[in-house]
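This report concerns only the one structure given below.
The values are calculated or read from the model by the stated rules, or taken from the named source; none is laboratory data. For clarity, every value in this text was computed on a predicted model and none was experimentally measured. Because the Cβ atoms are built from the backbone with ideal geometry, glycine has one as well, and the counts that use them run over all protein chains shown.
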Amino acid sequence: MPVMLISPPFVQLNSPYSAIPYLKGVLSANGIGCSSLDLGIAIANRLFSVEGLNALCEFIASEPKFKNEDIDFFIKRKSEYLETIEPVVSFLKDKNPSLASKVMSLNYMPKWKMSETAVPHDFVNTDDFEYSRYIASLYIEDIFLFYKAVCPEYDLSKYGEKLALSPPVFDNIYRSVVQNDDMISKLISEELNKNDYSDFNIIAFTVPFPGTLLGALKTARWFKKNYPDKIIVLGGGYINTELRSLKEPKIFEFVDFICLDDGEVPLIKIIKYSQKKIAKKDLVRTFYIEEGKVVYSDNSDIKSSFNRGTPDYSGFNMDDYVPLIETLNPMMRLWSERNTLKLRLARGCYWHKCAFCDTTLPYIKNFEPEEIKNIIEDIKLMTAQTGLNTFHFTDEAIPPALAVKLSIELIREKIEITWWGNIRFDKAFTEDVCKLLYTAGCIAVVGGMESCCDSTLKNMNKGVSVEDAVRTMYNFKSNSILVHAYMIYGFPGETVADLVDSAEVLRQLFKEGLLDSAYWHRFALTRHSEVFKYSGRFNISVPNRELNPFANNDVNYIDISGSEIDDMGNGLKKAVYNFMLGIELDKDIRSWFDLSLPKPKIKKGFVRKILDSNNYGVNTDRRILWLGTEAHIRKKIIEINGISGKIEYELPKDIADWLCKLINESCIFSTDGVKIQVAIASFPKTSGLGFSDFINNEIWDDLFDAGLIII
Ligand code: SF4
């Protein structure tokens, strides 16, 4: 078995990180044996156990320098923590549901700083069981604080993140890897010592985020010391954005190859190299060292074919994963829910034009949709393999047309899954399309709104107006689909007044129930964006455009307009935190800021006015699709089987015949629908009524409720 795929400490606690099952599926489909190891979850399970807490006590005792209020509290309540840790972790893993009432009681678990921040039960619309999972999650976060006090580089699902945030040089990371003397380093070595890796030729790591680089390099170093003959490979999202211009040879003391972008072809080539079938110069999108210098073999223009494969979750013990409910917001919770399988409908972004985004990089700009029949096959195989049926589509932005095709196939094949994913607030997500998505199991969407100010959206080249986005949000929400909006503040050219307007519209979106959650990010200039490329056009100056020898992504810049938007970050976050709890939705938006701000130019009923205005003209190129099953005529009655039961009408014969034919010919189980113009042309002329009279009748509204959609 030549390849071991490793997820380093720490990626996520709730389910395996998608890159490993994905690569495992591709390698297996190409006849390459491989195995996987989630080192992060193995270590997390040790940290949150009696063994881990005892080790923490020993660590504290051996190092008198570790002294602060977190440690004092832990030592004082140590026996209570030792008694409760394993029942609580097992409860969070859904194995011990009867613990809920104890968790809810005031004195079962010790409560420290994070537990003290719990939103009171009366404030949130959630049942006792879910609330107890929330309280148990905060208890775990309290314990995390004790570990952090002795190992400051550790974060709940990150390790050494600060060191890896766009460091121009490698020195600090190198030092930490070589020193290898903190508690997490010790656990990495102990975990690795448990297994024998002699059978593997290649050890490959995914490094998706900055908080995984240090753990990956420490693990790689362990392999270099203990198995010097193995080939060590790094790849993943962090590498793809930060290390594209790598010149630092020292990192190759720990690894042999570093790959860019989609990992399957580079990895298959490295395997061929290890089998002496190709030379190093034939590797694809791969850095290596030669005569002390970093060399890059690109060869990305040579087409390499490989079998696609299905993400393979064999070898992952799903019971190891711990979902933490850090918030009771139903949308925000999805990110940490347990055992969500990951797929994507396309590589790249179908829009790939937003000025702040890494649109010059292949993972955004090269849009390649998947065949829906392959996705359906993946879903069947993955649900059969894991017994799970929740999917997160991790596309940069799910294209509406693919979402429609996927939904039609899921309904046709009667595949019952729930799913959610990332979108743009594209107006192609009409109310009917959203109804189709909901019927096919869509429960939530995460959209990049970025700004609620049209001039800023235009500068960002977002391709969506505020009005379009409001209607699109309504289309999702009116079909019971949860909506999250990512927001950006401080985009070049955005004034304080623009941001006040944007925040005011956001308030109104929450007030109208169009958003379930949102998050404000500070704009960051990245080297791979249009804003960096054409900085003059965006009225910013970039004092230093030179490449660093190590990481290159975030870039310092000067906003020539001198905007003072930075001071608004806290107020924006405070406002959204409260809006998500449904608190103070009517308060003047300026009251959330400790600053003197201009009055919003946006009128109080701005969002409501958009919702009340009629913009629902029928495009006759669209298709009528019936989501229910067949229709029949019995005696004079037409019987139609809708999505939630049967409806019956007595109609003039010619109209009943026409409607029966329309329903059967547009039924999702047998066709892709009937064009509206065809339906209009076939409407019986003998009836004395026109098609427009028919669609203004309440029967037409009933049909929509029963499963008729126009897509
Ligand atoms: S921000 Fe999202 S929608 Fe815009 S280009 Fe990037 S991935 Fe695409």
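Residues that are away from the ligand (no atom under 16 Å from the Cβ) and either in a helix (DSSP H, G or I) or hydroxyl-bearing (S, T, Y) (or both) within segment 414-451 comprise T418, T430, E431, D432, V433, C434, K435, L436, L437, Y438, T439, listed in sequence order. Within the set I258, I289, I251, I278, the sole residue that is assigned by TED's automatic domain parsing to the domain that holds P210 and in a helix (DSSP H, G or I) turns out to be I251. Summed over segment 569-607, the residues that are in a loop (DSSP other than H, G, I, E, B), more than 26 Å from T117 (Cβ to Cβ) and among the β-branched types (V, I, T) give a count of 1.
Here L267, L234, L214 are screened, and the one residue that is aliphatic (A, V, I, L, M), in contact with a Gly (Cβ under 9 Å, 6 or more places away or on another chain) and under 21 Å from P311 (Cβ atoms) is L267.
Residue-by-condition table, conditions (1) more than 30 Å from S535 (Cβ to Cβ); (2) basic (K, R); (3) modelled with pLDDT under 95:
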{"position": "S314", "(1), (2), (3)": "yes, no, yes"}
{"position": "M318", "(1), (2), (3)": "yes, no, yes"}
{"position": "P323", "(1), (2), (3)": "yes, no, yes"}
{"position": "R338", "(1), (2), (3)": "yes, yes, yes"}
{"position": "R344", "(1), (2), (3)": "yes, yes, no"}
{"position": "P369", "(1), (2), (3)": "yes, no, no"}
{"position": "K373", "(1), (2), (3)": "yes, yes, no"}
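Among the residues making up segment 459-486, those that are closer than 24 Å to I565 by Cβ and surrounded by 19 or more Cβ atoms within 10 Å (Cβ to Cβ) are N459, M460, K462, V464, V466, A469, V470, H484, A485. Every condition in (1) in contact with a Lys or Arg (Cβ under 6 Å, 6 or more places away or on another chain); (2) assigned by TED's automatic domain parsing to the domain that holds A503 is met by S596 except one, and the failing one is (1).
Within segment 372-413, the set of residues being in a helix (DSSP H, G or I), within 16 Å of the ligand (Cβ to nearest atom), crowded, with 17+ Cβ neighbours inside 10 Å and of a type in the set (A, V, I, L, M) comprises L402, A403. Residues that are crowded, with 20+ Cβ neighbours inside 10 Å and without any contact (Cβ under 8 Å) to a residue 60 or more places away in the chain were ranked within segment 183-212; the one that is nearest to N240 (Cα to Cα) is P210. Consider segment 244-283 and keep the residues that are hydrophobic (A, V, I, L, M, F, W, C) and buried (at least 23 other Cβ atoms within 10 Å of the Cβ). The one that is nearest to G25 (Cα to Cα) is L267.
Do we have K280 as within 30 Å of I540 (Cβ to Cβ) and not hydroxyl-bearing (S, T, Y) here?
Working: within 30 Å of I540 (Cβ to Cβ): no; not hydroxyl-bearing (S, T, Y): yes.
No, not satisfied.
Among the residues making up segment 313-339, those that are more than 20 Å from T117 (Cβ to Cβ) and in contact with a Ser or Thr (Cβ under 6 Å, 6 or more places away or on another chain) are Y313, G315, Y321, N339.
Inside segment 181-226, residues that are closer than 24 Å to F144 by Cα and either over 23 Å from the mean Cα position of the chain (by Cα) or assigned to a loop (DSSP other than H, G, I, E, B) (or both) make up a count of 18. Going by the conditions given, is K462 within 16 Å of the ligand (Cβ to nearest atom) and either in a loop (DSSP other than H, G, I, E, B) or among the β-branched types (V, I, T) (or both)? Criteria met by K462. Taking the criterion of being over 33 Å from the mean Cα position of the chain (by Cα) and under 30 Å from A497 (Cα atoms), would at least one residue in segment 614-636 satisfy it? Yes. Filtered by the rule that a residue be surrounded by fewer than 18 Cβ atoms within 10 Å (Cβ to Cβ), touching a helix residue (DSSP H, G or I) at 6+ places or on another chain (Cβ under 6 Å) and either part of a loop (DSSP other than H, G, I, E, B) or not polar (S, T, N, Q) (or both), segment 164-173 gives a lone residue, L165. Within segment 686-709, being more than 28 Å from S407 (Cβ to Cβ) and either of a type outside the set (S, T, N, Q) or more than 44 Å from the chain's Cα centre (by Cα) (or both) holds for T686, S687, G688, L689, G690, D693. Residues in segment 340-363 that are outside any loop (DSSP other than H, G, I, E, B) and under 26 Å from L388 (Cα atoms) were compared, and the one that is farthest from the ligand (Cβ to nearest atom) is L341. In the set (1) over 29 Å from K427 (Cα atoms); (2) in contact with a Leu (Cβ under 7 Å, 6 or more places away or on another chain); (3) β-branched (V, I, T); (4) surrounded by fewer than 17 Cβ atoms within 10 Å (Cβ to Cβ), the condition left unmet by I643 is number (1). Note on segment 562-572: residues that are surrounded by 14 or more Cβ atoms within 10 Å (Cβ to Cβ) and within 12 Å of I540 (Cα to Cα) amount to 1.
The number of residues in segment 465-474 being within 14 Å of the ligand (Cβ to nearest atom) and touching a Lys or Arg at 6+ places or on another chain (Cβ under 8 Å) comes to 2. Filtered by the rule that a residue be part of a helix (DSSP H, G or I) and touching a strand residue (DSSP E or B) at 6+ places or on another chain (Cβ under 7 Å), segment 547-568 gives I565, M568. Checked against (1) buried (at least 16 other Cβ atoms within 10 Å of the Cβ); (2) within 25 Å of M183 (Cα to Cα); (3) touching a Leu at 6+ places or on another chain (Cβ under 7 Å), V124 meets all criteria but (2).
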